[in-house]
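K.L.:
First the structure, which I've put down as C-alpha cells, then a few questions once you've had a look.
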Amino acid sequence: MKTISNKAAILLKIYVLIGKSGTGKSYKSLELACENNIDYIVDDGLLIYKGQIVAGVSAKQSQTKMEAVRRAIFSDINHRKSVKKKINDLDIDSILILGTSLKMVKQICSALELGEIDEIIDINDISTEDDIRKAIESRKKGNHIIPVPTVEIKKRINGLRINPLRRFFMTSDKETKILEKTVIRPAFSYMGKFYIAPEVLNQIIKYTVSKNTHISRINRISVDNSNGKIEIKLNVNIRNLDAFGTLKNIQHNIKRNVENMTLINVNKIDIYINKIKDK
C-alpha cells in the first residue's frame, strides 16, 4: 500500500491478477474490479477508469511481440511518465494490475512507483478450468481482449479487427451489471502487416460521393494512410451553390463508410472546390 501525494493524501491499495498469457485475465478483470469496487485497471500498457482509457498506449498496437512486452511493462520512459503522472493526479484509492507472473506485476509496480502489492489473485482462483480452456483456444486464433468498450477502442486503435463483447454480471449483493469488453486481433497476431490498397479506399470514396447529386466531377483523390490513420483530400467540381450546404454531409458519409469497411480511423477530410458550373 502506498500514500499518493496529491491534494489530499490517500492510501492506494494494490491488487494484482496474474495468469499465463491467453488464460482470460483481461476477460475476468472487469468482474474482479466490479466485485471489489476497484475503479482503476492497468492492463497491457493502459490505465483504465470505468471503461475509459485515461492514460497509456496499448501493447495491442505493437507490431511485434517483443515491442508488446516492453510496452506492457512500461519500458519506454515517456509512456511510463505519462501514466505515472496521471496516477498521481487522480484520487485513486485502489488499482488492479494485470500480468503474466508475479515478477511482471512487480516490474509494473516498480516502473509506476506504486509501492508494495496488497493482494495477489491467481486467474485459476477466479476462473473455471472450462473458462481458461476457452480463453486459450480463443488466443490460439489470435484474439485478445481489452477491458474497455468498443467505442473507446475505436478512438485509439486502428487497422485491427474489433468486435464488442458484452455480458451480464451479478455481484455478490445481487446487483446486475452489464460489462462490455472488446475483442481485437493485434498486428503481431497476423502473418504479415495490415494493409489497405489505395484503390480500395478510392473506390469507397468515389461510391460515397457519387450519391450526392450536387457533385458533377471528382478531379482528384489524395489519401495519406500513414501511421494507421487516414487523411483524405478531395478535389471536385460542383453543379451549383447548393452543393456547399451538403459538403459536411459528404465528409460524414465518407468517414462512416471508410471506417466501417476498413476499421481504420479517418482523421481528416478536406474537400476542395475546383469549379462551379450550373447545368
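K.L.:
Restricting to the range 214-233, and then to whatever is out of contact with any helix residue (DSSP H, G or I) (no Cβ under 7 Å at 6 or more places or on another chain) and at pLDDT 90 or above, can you tell me which residue is surrounded by the fewest Cβ atoms within 10 Å (Cβ to Cβ)?
P.N.:
The residue in question is Arg220.
K.L.:
Looking at (1) loosely packed, with under 14 Cβ neighbours inside 10 Å; (2) modelled with pLDDT under 80; (3) more than 13 Å from Thr208 (Cα to Cα); (4) not β-branched (Val, Ile, Thr), which is the only condition Phe244 fails?
P.N.:
Condition (2) is where Phe244 drops out.
For (1) surrounded by fewer than 17 Cβ atoms within 10 Å (Cβ to Cβ); (2) over 20 Å from the mean Cα position of the chain (by Cα), each residue gets a yes or a no:
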{"residue": "Ile73", "(1), (2)": "no, no"}
{"residue": "Ser82", "(1), (2)": "yes, no"}
{"residue": "Ser94", "(1), (2)": "no, yes"}
{"residue": "Leu98", "(1), (2)": "no, no"}
{"residue": "Leu112", "(1), (2)": "no, yes"}
{"residue": "Glu116", "(1), (2)": "yes, yes"}
{"residue": "Asn124", "(1), (2)": "yes, yes"}
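K.L.:
So for the range 102-112 (the condition being at pLDDT below 90, assigned by TED's automatic domain parsing to the domain that holds Lys25 and not acidic (Asp, Glu)), does at least one residue qualify?
P.N.:
Kept after step one, since they are at pLDDT below 90, are these residues of the range 102-112: none.
Within the range 102-112 (the criterion being at pLDDT below 90, assigned by TED's automatic domain parsing to the domain that holds Lys25 and not acidic (Asp, Glu)), the answer is no, since none of the residues qualifies.
K.L.:
Are any of the residues in the range 32-40 more than 18 Å from Tyr15 (Cβ to Cβ), crowded, with 17+ Cβ neighbours inside 10 Å and under 17 Å from the mean Cα position of the chain (by Cα)?
P.N.:
Quick first cut of the range 32-40, residues more than 18 Å from Tyr15 (Cβ to Cβ) only: none.
No, every residue in the range 32-40 fails to be more than 18 Å from Tyr15 (Cβ to Cβ), crowded, with 17+ Cβ neighbours inside 10 Å and under 17 Å from the mean Cα position of the chain (by Cα).
K.L.:
Given Gly24, Gly19, which one is more than 23 Å from Arg80 (Cβ to Cβ) and at pLDDT 90 or above?
P.N.:
Working: Gly24 fails: at pLDDT 90 or above.
Just one listed residue meets the conditions, Gly19.
K.L.:
Within the range 54-71, take every residue that is at pLDDT 85 or above and crowded, with 19+ Cβ neighbours inside 10 Å and give me the one that is farthest from Ser21 (Cα to Cα).
P.N.:
Taking the range 54-71 first, the residues at pLDDT 85 or above are 54-56, 70-71.
Retained after the next criterion (residues that are crowded, with 19+ Cβ neighbours inside 10 Å): 55-56, 71.
Details: Ala55: 23, Gly56: 20, Arg71: 15 Å.
In this case the residue turns out to be Ala55.
K.L.:
Give the residues of the range 254-276 that are within 18 Å of Ser222 (Cα to Cα) and crowded, with 17+ Cβ neighbours inside 10 Å, sorted by residue number.
P.N.:
Ile254, Lys255, Val258, Thr262, Ile264, Asn265, Val266, Ile269, Ile271
The values are calculated or read from the model by the stated rules, or taken from the named source; none is laboratory data. Since the structure is predicted, the reported quantities are computational estimates derived from the model, not experimental observations. Using ideal geometry, Cβ is built from the backbone for each residue, glycine included, and neighbour counts are taken over all protein chains shown.
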